[in-house]
1. Given the structure, is residue A:9 modelled with pLDDT under 95 and either in a helix (DSSP H, G or I) or within 12 Å of chain B (Cβ to nearest Cβ) (or both)?
2. Out of everything in the range A:67-94 that is outside any helix (DSSP H, G or I) and of a type in the set (Val, Ile, Thr), what residue ends up being nearest to the chain's Cα centre (by Cα)?
3. Give me the residue from the range A:169-197 that is in contact with a Gly (Cβ under 7 Å, 6 or more places away or on another chain) and closer than 21 Å to residue A:47 by Cβ and, out of that set, farthest from the other protein chains (Cβ to nearest Cβ).
4. Report yes if residue A:127 is loosely packed, with under 14 Cβ neighbours inside 10 Å and either modelled with pLDDT of 95 or more or assigned to a helix (DSSP H, G or I) (or both), otherwise no.
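The values are calculated or read from the model by the stated rules, or taken from the named source; none is laboratory data. Predicted model, so just to flag it, every value in this text is computed and none were measured. Cβ atoms come from the backbone with ideal geometry, glycine included; neighbour counts cover every protein chain shown.
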Amino acid sequence: MNVFRFAGDMTHLFSVLVLLLKIYATKSCSGISLKTQELYALVFLTRYLDLLTDFISLYNTVMKLVFISSSLAIVWCMRAHPVVRRTYDKDQDTFRHYTLVAGSLVLALLFHDRFTIREVCWAFSIYLEAVAILPQLVLLQRSRNVDNLTGQYVFFLGAYRAFYILNWIYRYFTEQHFSRWIPWIAGLVQTGLYADFFYYYYLSWKNNVKLQLPA
Amino acid sequence: EVEATPHDEL
């Protein structure tokens, strides 16, 4: 464990806590894409298949349980909670996220470390996570006023993978070399997708105005 | 055979 990876995990955890706070405190999920939340639940379920078989550390197991349970809880909340579900922008959240699932599956079947269920699922989860934010970014462009908690949620979600890239650089220089090109490329794409969001988030912070993504 | 990516990260 190095400081970059720990910072990345804490930033990721914080983004989930901010989203849970927004839904719990405002009893509303307006501005949140259910499709992105479903994709994240799928990412965690396919990446943490080893949850019950390989014990790496208490930290690792606890964090996996937190990410799986929080993503499923958010999906349940947005689909079934009597109050929250009514605030879901169903007609705005129209990204065809099945194409992202299909594309990631094809990529995982073509490009993986080893052709085993575990490795193909892992590669699938890495590719899917890289594009899972797209429905949310599209929804942000459509919903004119982005509330603060939603903006902070997306910001921390984007920042966490940037910390992971620093972690991979650190590990490259300090540990034996592994073939890490799958997370490398996917991580750069994932962080790159946030580039324009980070820019407009910075402008809204600098000019102290509400965050607005151009359509 | 290059080692596969370790899965010790989240």
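1. No; evaluated as a whole, the condition is false for this residue.
2. In the first step, residues of the range A:67-94 are kept if they are outside any helix (DSSP H, G or I); the result is A:81-83, A:88-94.
Checking the rest, the ones that are also of a type in the set (Val, Ile, Thr) come to A:83, A:94.
Values: A:83: 25, A:94: 18 Å.
Applying the filter and picking the extreme gives A:94.
3. Of all residues in the range A:169-197, those in contact with a Gly (Cβ under 7 Å, 6 or more places away or on another chain) come to A:191, A:194, A:197.
From what's left, closer than 21 Å to residue A:47 by Cβ: A:191, A:194.
Working: A:191: 16, A:194: 19 Å.
Looking at residues that are in contact with a Gly (Cβ under 7 Å, 6 or more places away or on another chain) and closer than 21 Å to residue A:47 by Cβ, I get A:194.
4. Considered against the rule, which asks whether it is loosely packed, with under 14 Cβ neighbours inside 10 Å and either modelled with pLDDT of 95 or more or assigned to a helix (DSSP H, G or I) (or both), residue A:127 comes out as no.
Yes/no matrix, rows are residues, columns are (1) of a type in the set (A, V, I, L, M, F, W, C); (2) over 15 Å from the mean Cα position of the chain (by Cα); (3) within 12 Å of chain B (Cβ to nearest Cβ); (4) over 20 Å from residue A:38 (Cβ atoms):
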site: A:106; (1), (2), (3), (4): yes, yes, no, no
site: A:110; (1), (2), (3), (4): yes, yes, no, yes
site: A:134; (1), (2), (3), (4): yes, no, no, no
site: A:143; (1), (2), (3), (4): no, yes, no, no
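Matching residues to (1) surrounded by fewer than 20 Cβ atoms within 10 Å (Cβ to Cβ); (2) in a helix (DSSP H, G or I); (3) away from chain B (no Cβ under 14 Å):
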| site | (1), (2), (3) |
| --- | --- |
| A:17 | yes, yes, yes |
| A:29 | no, no, yes |
| A:32 | no, no, yes |
| A:54 | yes, no, no |
| A:61 | yes, yes, no |
| A:65 | yes, yes, no |
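A quick yes/no check of all residues on (1) in a helix (DSSP H, G or I); (2) in contact with a Pro (Cβ under 9 Å, 6 or more places away or on another chain); (3) surrounded by fewer than 20 Cβ atoms within 10 Å (Cβ to Cβ); (4) without any contact (Cβ under 8 Å) to a residue 60 or more places away in the chain:
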| position | (1), (2), (3), (4) |
| --- | --- |
| A:159 | yes, no, yes, no |
| A:172 | yes, no, yes, yes |
| A:178 | no, yes, yes, yes |
| A:196 | yes, yes, yes, yes |
| A:208 | no, no, yes, yes |
| A:212 | no, no, yes, no |
